[in-house]
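The structure under discussion appears below in the form of structure tokens.
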Amino acid sequence: MTNANTPAVQPRRFKTATQPTKTPRSELVSLEIETDDCPQVLLRILGLIARDGSIPATIGATRSDDRIAIAIELDRVTETAGERIALKVCELPTVRKVWLAGRRID
């Protein structure tokens with residue numbers, strides 16, 4: 001029930017940025033992963049990235065017969081943090097190969 005003396009509620013207006021925040025390609029760190037075909041592998045990799053406090057700028061995955069190729073570009077990640085994430089990804093049992101910025105991580 002509404003009261004006639006109560007002013008009408010105005011919808012909340014959200015502030016929008018005048019310019020979208022874009023990271024130059026030169027500042028993105030590329031993480032490429034080849035894994036066995038496993039339904040949970042992408043979520044596990046993204047969980048490791050999230051635990052490190054990073055947010056991917058782009059995520060791509062291509063599934064073939066018995067494997068999945070995953071490409072993730074990380075935004076605002078230092079070289080040390082990228083290396084740490086890549087080493088954690090290498091420890092997953094379904095991961096076959098990992099490349100960080102074009103360099104193979106073992």
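Observations
- Backbone amide hydrogens, once placed in the peptide plane, bring Ala57 within less than 5 Å of Glu73, Leu74, Asp75, excluding anything fewer than 5 places away on its chain.
- Environment charge at Arg63 (Cβ cut-off 13 Å; Lys +1, Arg +1, Asp -1, Glu -1): -4
- Within the accessible area of the range 45-91 (1.4 Å probe), percent carbon and sulfur: 49
- Cα-based radius of gyration of the range 37-106 once divided by 2.2 N^0.38 Å, which approximates compact folds: 1.04
- In a fully extended conformation the segment linking Ala71 and Arg103 would gain 10.2 nm over its present Cα-Cα distance, using 0.36 nm per residue.
The values are calculated or read from the model by the stated rules, or taken from the named source; none is laboratory data. Worth saying up front: this structure is predicted, and the values here are computed from it rather than measured. For neighbour counting, all protein chains shown are included, and Cβ atoms are generated from backbone atoms with ideal geometry for every residue, glycine included. Just so you know, the surface numbers come from the protein's heavy atoms only, side chains and all, with ligands and any DNA or RNA stripped out. Shrake-Rupley method; radii C 1.70, N 1.55, O 1.52, S 1.80 Å.
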